[in-house]
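**Q** Here it is: the structure, laid out below.
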Number of protein chains: 4
Amino acid sequence: MSSMLGTALRVSIFGESHAPAIGCSIDGMPAGVPLDLDELQNFLDRRAPGRDATATTRRETDRARILCGVVDGHTTGSPIAAIIENENTRSQDYDELRRVPRPGHADYPARIRYDGFNDVAGGGHFSGRLTAPLCIAGGIALQALAQRGIRIAAHIANLGPQGIPDTPLNHMELDEDQLSRLSSHDFPCIDEGAAKAMRECILDARNDLDSVGGVIECVAYGVPAGLGDPMFDGIENRIARVAFGIPAVKGVDFGAGFSAAYLRGSQNNDPYRMDHGNVAPRTNNAGGILGGISTGMPIVWQMAVKPTPSIGRKQQSVDLDAGCDADLVVRGRHDPCIVPRAVPIAEAVCALALLDLILESLGNRAL
Amino acid sequence: MSSMLGTALRVSIFGESHAPAIGCSIDGMPAGVPLDLDELQNFLDRRAPGRDATATTRRETDRARILCGVVDGHTTGSPIAAIIENENTRSQDYDELRRVPRPGHADYPARIRYDGFNDVAGGGHFSGRLTAPLCIAGGIALQALAQRGIRIAAHIANLGPQGIPDTPLNHMELDEDQLSRLSSHDFPCIDEGAAKAMRECILDARNDLDSVGGVIECVAYGVPAGLGDPMFDGIENRIARVAFGIPAVKGVDFGAGFSAAYLRGSQNNDPYRMDHGNVAPRTNNAGGILGGISTGMPIVWQMAVKPTPSIGRKQQSVDLDAGCDADLVVRGRHDPCIVPRAVPIAEAVCALALLDLILESLGNRAL
Amino acid sequence: MSSMLGTALRVSIFGESHAPAIGCSIDGMPAGVPLDLDELQNFLDRRAPGRDATATTRRETDRARILCGVVDGHTTGSPIAAIIENENTRSQDYDELRRVPRPGHADYPARIRYDGFNDVAGGGHFSGRLTAPLCIAGGIALQALAQRGIRIAAHIANLGPQGIPDTPLNHMELDEDQLSRLSSHDFPCIDEGAAKAMRECILDARNDLDSVGGVIECVAYGVPAGLGDPMFDGIENRIARVAFGIPAVKGVDFGAGFSAAYLRGSQNNDPYRMDHGNVAPRTNNAGGILGGISTGMPIVWQMAVKPTPSIGRKQQSVDLDAGCDADLVVRGRHDPCIVPRAVPIAEAVCALALLDLILESLGNRAL
Amino acid sequence: MSSMLGTALRVSIFGESHAPAIGCSIDGMPAGVPLDLDELQNFLDRRAPGRDATATTRRETDRARILCGVVDGHTTGSPIAAIIENENTRSQDYDELRRVPRPGHADYPARIRYDGFNDVAGGGHFSGRLTAPLCIAGGIALQALAQRGIRIAAHIANLGPQGIPDTPLNHMELDEDQLSRLSSHDFPCIDEGAAKAMRECILDARNDLDSVGGVIECVAYGVPAGLGDPMFDGIENRIARVAFGIPAVKGVDFGAGFSAAYLRGSQNNDPYRMDHGNVAPRTNNAGGILGGISTGMPIVWQMAVKPTPSIGRKQQSVDLDAGCDADLVVRGRHDPCIVPRAVPIAEAVCALALLDLILESLGNRAL
């Protein structure tokens, strides 16, 4: 059940990098949700490469084709399926890849897992390209949530070996304008200075035939208090389960997260106060979640993205067929940093986890 | 489905802090697995309070009673159920708790989630006490894994505001003796000096009517390469989903984890070399996992534990019935730090996630 | 995941006939549902043996002990667990049973499935005794449904080789009085003459050291139109999946069911008419279900119960250890017919399937 | 999760009768299973209309396009997805259908369930056309099972108001030739005389602008003893859950099934005897299943198919917008009997349920 997520909203992601097509099916979406397909395509374009000088020069169009589940701009309540045709399929010889695994990629464990039958072309099902159908499902979820007044935004919290920081979202309440601006930026930062420094850091890495990683912060505004569950299906469990489905994500935390381990209880506890008749925690170290349930504060989480494993430098590997050491130079064009393109993916992850939770809480008759 | 985990091995955790009993059912355990019930009780005792001067002085016996699924020291293949009778039930008046929520606890969101019907006594189903049945299931999983040559160990990676560090497990291969010693320590550290400093840090916090948190590192040795799956049911997704089920866990990462975000690709990629005919990555920044699948290196992960929210100091809260601000002093004896007791829980989490994965991969006829 | 049912309401059934206890956990029940524990016990007593002269003379008390999830007569929203202590455990020598499998029982396939480690005493986890915890969960579901105006009733539709028929429920709308009377009868028939003839048929079989089966009809009144789903999670799929979990059930059908195969479309289609502003199908061959979704008519289904496999006559079997033919006489007291005791079980099945469906449709915040 | 089936092998069915496409994704198929796509297409052609004079004269080509998960004639271990483009989409005006529901169809409950947003064109997601992607998944499963020596066959057990019977499969062991012949027949009967009588019965119904139903018997040969589970995930539960996903199926039974209710225990129990060192039940009233687990005998089950609800005669219905009675004549070409076309669908159902069970039992590394 590896490529499926959700309990009330079940998403199945399918495809391989060089297969005829990639896509998803979405089961459990309520009927009557209005969908703006142009807005969906705009969202998909945010993760497409080629928007910014720092990304790979390869261009994909990634046009989503809705196969079913949507009539006259509204969901029908039946499964939605959508595909993206792969234009560039199986042209190359991938024999070397099968034999000499790329460090930091899934080549080696996948070969064992699938007895060598996995599709290695372009990374097969392990390719970052599979985040495109995840974003189709996530983009639809974002629209469904927006109708309930829930808005999700993400940005690069920090990037590169020096951890160049952007302004944290956790401490600001973004208005509609700021949210729109953030999502339309070519480089998803709040602070223009940070964006400039990050761009330089990425170009430096590219010049060195190397790559850099970073941390993405994602916030959901408008989630009412009382949604979620204790133990294994709370908000944290659900977001983390989906977020670790993104290749390159190696850590997920919530609110103060790992930093909370370095606070005392008196600092980390968020004190309650009344504010115009509403319960209003004065800080949000909990990231809007206590006991797996929303507190009414913004849901705040972060994910750590490792540096792109595909680098231009020669690397040490092994020849699995010959059983000896081998050096490897990964050819082709690579993103020296996938963090900017992973920002909308974080929003998709968050939207899918929250919509699933809401549908489980309020039922599939509810939106 | 909040209090259930697993896909091939389904564990249902039930109970409330002051209900007649807490317990678990475990569905999907293969038949014929030998179970040493004394060893299981020893494992449960590791999370019980009162083992070390730094913990709460309250003593629980927490004797697990196996109800079914085990005959003549072997699993029967039918569901295993076990309960722990609660000795100390519903004696107090919890009306204030229902009215004035404790900061950092689930009191407030749970009241909304359950329309006030949730059991507040002792924290109800949100109590850390529910990690006892999790440890029953986890302790059984640890024995099943040990039979397949998989050993799991955890320790306190660092503790307190200064982050007092223990020797990292990631860089050492522990032998059987070291593993036994680590699990029999009162204070689960490798380095005695670190243990001493951590104890002092905890006692300082207690003196200040405050609390501290920390980070736990957990390692699984002996997981063969090729176990796991891409996307949403890989090793990371499974461990994270269960780990966030522990109250107080606010972050989970794997291998270099969040630190990987601060490395360049050339540093973070683990180079492959052959070693006596086997593929042997020379470093383990991946934490033994690429593409959700095991690489054959130890599985390494960390979880951030926030400082205990129950502290002796007066805290700001609100009176939910009166709709006004209110101060709160949490009475009773508290752990100034739950990190040491959470170490066996981390092992339980890891064992349950890995056994579930192995049963899904190799079938329920397989152990 | 064999002994778990439900998607929104997850029930885990555990226990073996001669283990210390049998029981269940119920995850996903909304908070605040009032539970009358005496009414629950009365429901359990309906499946207990010894109520009627036709059943085995062995008496079980089967008192359910609620472990958690209920406070002050209301559900807390956390998992409910309940157990029944087994009083009569592992006293006999079951070696012959392990060696010489009883025809019509699971002894032989279970021995292979569990490599001989399954608990054979009293049938282990395959015992009809496991329907007791199913009835605990079902009895709770019945109360939750009654609060929403949904009432469930079952009776023996026909019994024995001649198929002695009772008045079909499908063609009558029972009022509250009739429902109460049906559930308080010692022998669950509407027609007293039918009950008398069925009793004689059972006693005849007992005299012949033989057994008889029958068909149970179950109806749910008050299910509003529009609940359910097409394909694999509709009302039929859910009821059938749970009903086949009862040992001895070999067939399930809905409305006209198998008889529909012998009708022409013009006879089988239920014509619609308006009745005081409501859509009212004039017949109910569909059993209240079209496309997996309720039509607003009563949900009607039947299950075929095979004759009790435990009979007093000598039967042909094999000695699995010696690898040769062997004759077998099953000792002990047996029910010559379990159909009467299976009537409340059918109601439990129906209640669990419908409550699960309703919670998935309307959410876990909804009752 | 309505249009998904399976636990280890998860199939998602999507599409609507007049949407751009219908299709399925299949998650959990092991890597390295050889797939013959021509054989798959032949299987799909068996359910296509127009093969026999008794079926609708409309012809669909129903060519399956594999999108991913298959490379060089073998499964890759990643999700398989396949679609069939709908050639005939949304041409008609379906306003009347939305207003005046067809008796025996899901039109009325679906309108309520989806608040009128469901796609009514051609029956939308409720159309029998959705059995085409079910057959894609089932056809792949059949090939995977055949490799393990498991062969599945189905035929029309009886048809029409008189229940014209074919030779029962339960009492014969078909050889490879007989299996091939059965699956290549235009009219899936063993007995040519029965086939002829059934054809006449169907043509009679067509002449009367009416329709007939029937019962399909399906057998799986070569399932080894010991596969399955007690309670809710046994062979019966799994097959029934999927079979009731076929529109028009109103009953499912196993082995003697409903007839078992009319036998005495001494007749219904299958006696064991040894046969050349193997345990060989002498009859198969159990349908190869005891306690949810295979006995090593053929798995035998039946499903009742109601007469096609679309008939040419004028029928009583209601106008849901006007709130008054209305007569309805369903236009277009209809199958006067869908039973022959449902035969390969029964095989698909059986194959999917059994392969799912085998993968759960033996793991996803196992084929």
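**Q** Check which residues have an amide H placed less than 5 Å from B:A157's amide H, if you skip close sequence neighbours.
**A** Result for B:A157 returns B:V215, B:I216, B:E217.
**Q** May I ask you to derive the relative contact order of chain A, considering only C-alpha pairs under 8 Å and at least 6 residues apart, and to give it as an integer percent?
**A** Once normalised by length, the contact order is 23 percent.
**Q** How much area per residue is accessible in segment C:4-362 when the probe is 1.4 Å and only protein heavy atoms are counted (Å²)?
**A** Averaged over the residues of segment C:4-362, the accessible area is 32 Å².
**Q** Within a Cβ distance under 11 Å of C:V219, other residues only, what is the Lys/Arg minus Asp/Glu net charge?
**A** The answer is -2.
**Q** Also, I was wondering about something else. Projecting each Cα onto the charge dipole of segment B:4-362 (Lys/Arg +1, Asp/Glu -1 at the beta carbon, about the Cα centre), which of B:C68, B:A137, B:C324 comes out farthest on the positive side?
**A** In segment B:4-362, that residue is B:C324.
**Q** So what is the calculated 222 nm ellipticity per residue for chain A, using -39500 (n - 2.57) for each DSSP H run with n of 4 or more, over all residues, to the nearest 500 deg cm²/dmol?
**A** -8500 deg cm²/dmol
**Q** Give me the net charge of B:D321's neighbourhood, meaning all other residues with Cβ under 9 Å from the Cβ of B:D321; Lys, Arg count +1, Asp, Glu -1.
**A** Its environment carries a net charge of +1.
**Q** I've got another one for you. At a 1.4 Å probe radius, carbon and sulfur cover how many percent of the accessible area of segment A:4-362?
**A** Here it works out to 47 percent.
**Q** Under 5 Å between amide H atoms, partner at least 5 residues away or on a different chain: which partners does A:A326 have, H built in plane at 1.01 Å?
**A** Here A:S317, A:V318, A:D319 satisfy the definition.
**Q** Please work out the C-alpha center-to-center distance from segment A:315-329 to segment B:8-25 and express it in whole Å.
**A** 50
**Q** Give me, ordered by chain and number, the residues 5 or more places off D:V33 or on other chains with an amide H under 5 Å from its own placed amide H.
**A** Residues meeting the amide H criterion: D:T75.
**Q** Work out Dmax and Rg for segment A:94-241 from the C-alpha atoms and quote the Rg first, both in angstrom.
**A** 19.3, 54
**Q** Residues of segment C:182-213 losing 40 Å² or more of accessible surface, assembly versus chain alone, probe 1.4 Å, please list them.
**A** Checking the loss per residue gives C:D210.
**Q** Show me, for segment C:312-329, the HN-Hα J-couplings you get by feeding each phi into the Karplus relation (A = 6.51, B = -1.76, C = 1.60, θ = phi - 60°), rounded to Hz, glycine and proline as x.
**A** x, 6, 5, 10, 7, 9, 9, 9, 5, 6, 7, x, 9, 5, 7, 8, 9, 10
**Q** I would also like to ask the following. Which FRET efficiency, nearest 0.05, do D:R63 and D:E176 yield, Cβ-Cβ r, R0 35 Å?
**A** 0.80
**Q** Moving on to the next point. Sort out the exposed loop GluC sites (Glu not before Pro) in chain D (DSSP loop, at most 13 other Cβ within 10 Å) and tell me the longest stretch that has none.
**A** Answer from the scan: D:174-367.
**Q** Another question, if that's okay. Work out from phi, with θ = phi - 60° and the Karplus expression 6.51 cos²θ - 1.76 cosθ + 1.60, the ³J(HN,Hα) of each residue of segment A:291-297, listed in order in whole Hz, and give x for Gly and Pro.
**A** Running phi through 6.51 cos²θ - 1.76 cosθ + 1.60 with θ = phi - 60° gives x, x, 10, 5, 9, x, 7 Hz.
**Q** What is the sum of charges, Lys and Arg at +1 and Asp and Glu at -1, for the other residues whose Cβ falls under 14 Å from the Cβ of A:I311?
**A** Within the 14 Å Cβ shell, the charges total +2.
**Q** If the limit is 18 Å between Cα atoms, which of A:K250/B:K306; D:K196/D:K250; A:K250/A:K306 go over it?
**A** Table pairs above 18 Å Cα-Cα are A:K250/B:K306; D:K196/D:K250.
**Q** What's the long-distance tail for segment A:4-362, i.e. % of Cα pairs beyond 39 Å?
**A** Looking at segment A:4-362, the distances longer than 39 Å represent 16 percent of pairs.
**Q** Also, quick follow-up: Kyte-Doolittle cut-off -0.5, length cut-off 18 Å along the helix's own axis using Cα: show which whole DSSP H helices in chain C pass.
**A** Long hydrophobic helices here: C:131-147, C:192-207, C:339-362.
**Q** Taking 1 over the mean of 1/r across every pair of different Cα atoms in the protein assembly as shown, what Kirkwood radius in Å do you get?
**A** 32.6
The values are calculated or read from the model by the stated rules, or taken from the named source; none is laboratory data. In this text, all values refer to a predicted model and were calculated from it rather than measured experimentally. Cβ sites come from the backbone with ideal geometry, for glycine too, and all protein chains shown count toward neighbours. Note: accessible area is taken over every heavy atom of the protein model, side chains too, but ligands, DNA and RNA are not part of it. Shrake-Rupley method; radii C 1.70, N 1.55, O 1.52, S 1.80 Å.
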